[in-house]
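Engineer: Provided herewith is a single structure, encoded as structure tokens, for subsequent inquiry.
The values are calculated or read from the model by the stated rules, or taken from the named source; none is laboratory data. The model shown is predicted, which means the values in this text are computed figures rather than measured ones. Note that we place each Cβ from the backbone using ideal geometry, even for glycine, and neighbour counts take in every protein chain shown.
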Amino acid sequence: MKSLFFDSSEVPEILKKVRSLGFQTHYDFDKHRVELGLKEQDREAFLRLPLTLTCNQTLVLDFEKEVTYVMLLVQSGSASVGVFKGEECLAHKVFGAYMVRKKQGKSQIKHLKTKGKSRAGSRVRLASTLEFFENINLRLQNHFQEYEFDRIAMSCSKILVPYLFGSKENTPFDKKDNRLYKIPKHLHQPNFEVMLGMQKYLNKAELVYDETLFDQFEGLKNIGTSI
């Protein structure tokens, strides 16, 4: 699949061009993207919108509203939580935990599914894991008390989700919160630099298409940028 990136200010022009090419458009709020399709054809493409740009079902874009969102990035043993308003990072925190078995390189959570938790080292790693998610949720609780969030951008592997939402400290949103936005990008170790890189990605628009099927989009390459 081919990706072209655009600034928020270029989104109206891109939508105008894809419509002129005969594409039907439909806004998907959960994925915050505009689905692009052609009549009587199964081929599809989409334009992922910047998280900082508000859109409604009739594709009216609101450039005046300053979107506030929280970003949560979680991997085994490391996590980042950040608060963003428009292009500005208002707060951030990186968390670490002793969750990985050194010899096998496997997280304690995965190990528990096969070997149990009888050894002392396993019990220490499990305790660290539980504390890890409690600290994350305490931080989130503080942010949700201080800010009104428009979106919750999250990247968390499926195996860790039950620990996040099952923590002794409650997650200040539930799994079905309509503000949740699953970040559609592979996550590296979630340190502060990675989080800022993810912010840059989320603040861009991204046109995704199969270039062997959609040569109509080739003319947009002069507008697109890279990140």
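Engineer: Any residue in the stretch 152-167 that is closer than 16 Å to Leu138 by Cβ sitting within a Cβ distance under 7 Å of a residue that is in a strand (DSSP E or B) and aliphatic (A, V, I, L, M)? List the pairs, counting only those 6 or more apart or interchain.
Structural biologist: Note: pairs meeting the criteria are Leu164/Val74.
Engineer: In addition: In the stretch 18-70, how many residues are surrounded by 15 or more Cβ atoms within 10 Å (Cβ to Cβ), of a type in the set (Lys, Arg) and in contact with a Ser or Thr (Cβ under 6 Å, 6 or more places away or on another chain)?
Structural biologist: Residues meeting the conditions: 0.
Engineer: Still on this structure, I have one more. If I filter the stretch 89-106 for residues that are farther than 20 Å from Met195 by Cβ, surrounded by 15 or more Cβ atoms within 10 Å (Cβ to Cβ) and either modelled with pLDDT of 95 or more or of a type in the set (D, E, K, R) (or both), do I get at least one hit? Before the answer, list the steps.
Structural biologist: Of the residues in the stretch 89-106, the ones farther than 20 Å from Met195 by Cβ are 98, 100-106.
Going one step further and asking which of them are surrounded by 15 or more Cβ atoms within 10 Å (Cβ to Cβ), we end up with 98, 100-101, 106.
Filter once more, so that each one left must be either modelled with pLDDT of 95 or more or of a type in the set (D, E, K, R) (or both): 101, 106.
Yes: the stretch 89-106 contains one or more residues that are farther than 20 Å from Met195 by Cβ, surrounded by 15 or more Cβ atoms within 10 Å (Cβ to Cβ) and either modelled with pLDDT of 95 or more or of a type in the set (D, E, K, R) (or both).
Engineer: Please determine, by comparing only the residues of the stretch 133-162 that are part of a helix (DSSP H, G or I) and aromatic (Phe, Trp, Tyr), which one is nearest to Lys185 (Cα to Cα).
Structural biologist: Initially, the stretch 133-162 is screened for residues part of a helix (DSSP H, G or I), giving 133-146, 161-162.
Still in the running and aromatic (Phe, Trp, Tyr): 133, 144.
Details: Phe133: 22, Phe144: 25 Å.
Once the filter is applied, the top-ranked residue is Phe133.
Engineer: Further question on the same structure: The conditions are (1) under 20 Å from Phe84 (Cα atoms); (2) hydroxyl-bearing (Ser, Thr, Tyr); (3) over 17 Å from the mean Cα position of the chain (by Cα), and Tyr181 fails exactly one of them. Which is it?
Structural biologist: Exception for Tyr181: condition (3).
Engineer: Checking Leu213 against (1) part of a loop (DSSP other than H, G, I, E, B); (2) of a type outside the set (Asp, Glu); (3) modelled with pLDDT of 95 or more, which test does it fail?
Structural biologist: In the conditions (1) part of a loop (DSSP other than H, G, I, E, B); (2) of a type outside the set (Asp, Glu); (3) modelled with pLDDT of 95 or more, Leu213 misses (3) alone.
Engineer: Let me ask another. Kindly indicate whether Ile109 is at pLDDT 95 or above, in contact with a Phe, Trp or Tyr (Cβ under 9 Å, 6 or more places away or on another chain), more than 23 Å from Glu66 (Cα to Cα) and buried (at least 17 other Cβ atoms within 10 Å of the Cβ). Let's see the steps before the verdict.
Structural biologist: Details: at pLDDT 95 or above: no; in contact with a Phe, Trp or Tyr (Cβ under 9 Å, 6 or more places away or on another chain): yes; more than 23 Å from Glu66 (Cα to Cα): yes; buried (at least 17 other Cβ atoms within 10 Å of the Cβ): yes.
Against the criterion (at pLDDT 95 or above, in contact with a Phe, Trp or Tyr (Cβ under 9 Å, 6 or more places away or on another chain), more than 23 Å from Glu66 (Cα to Cα) and buried (at least 17 other Cβ atoms within 10 Å of the Cβ)), Ile109 does not qualify.
Conditions tested, residue by residue: (1) over 30 Å from Asn56 (Cα atoms); (2) surrounded by fewer than 16 Cβ atoms within 10 Å (Cβ to Cβ); (3) in contact with a strand residue (DSSP E or B) (Cβ under 8 Å, 6 or more places away or on another chain); (4) of a type outside the set (A, V, I, L, M, F, W, C).
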site: Asn135; (1), (2), (3), (4): yes, no, yes, yes
site: Ser155; (1), (2), (3), (4): no, no, yes, yes
site: Pro162; (1), (2), (3), (4): yes, yes, no, yes
site: Lys182; (1), (2), (3), (4): no, yes, yes, yes
site: Gln189; (1), (2), (3), (4): yes, yes, yes, yes
site: Met198; (1), (2), (3), (4): no, no, yes, no
site: Asn203; (1), (2), (3), (4): no, no, no, yes
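Engineer: Still on this model: In this structure, does Lys65 turn out to be assigned to a strand (DSSP E or B), modelled with pLDDT of 90 or more and farther than 20 Å from Asp177 by Cα? Steps first, answer last, please.
Structural biologist: Numbers: assigned to a strand (DSSP E or B): no; modelled with pLDDT of 90 or more: yes; farther than 20 Å from Asp177 by Cα: yes.
It is false that Lys65 is assigned to a strand (DSSP E or B), modelled with pLDDT of 90 or more and farther than 20 Å from Asp177 by Cα.
Engineer: Which of the numbered conditions does Leu15 fail, given that it passes all the others? Conditions: (1) exposed (fewer than 13 other Cβ atoms within 10 Å of the Cβ); (2) more than 22 Å from the chain's Cα centre (by Cα).
Structural biologist: (1)
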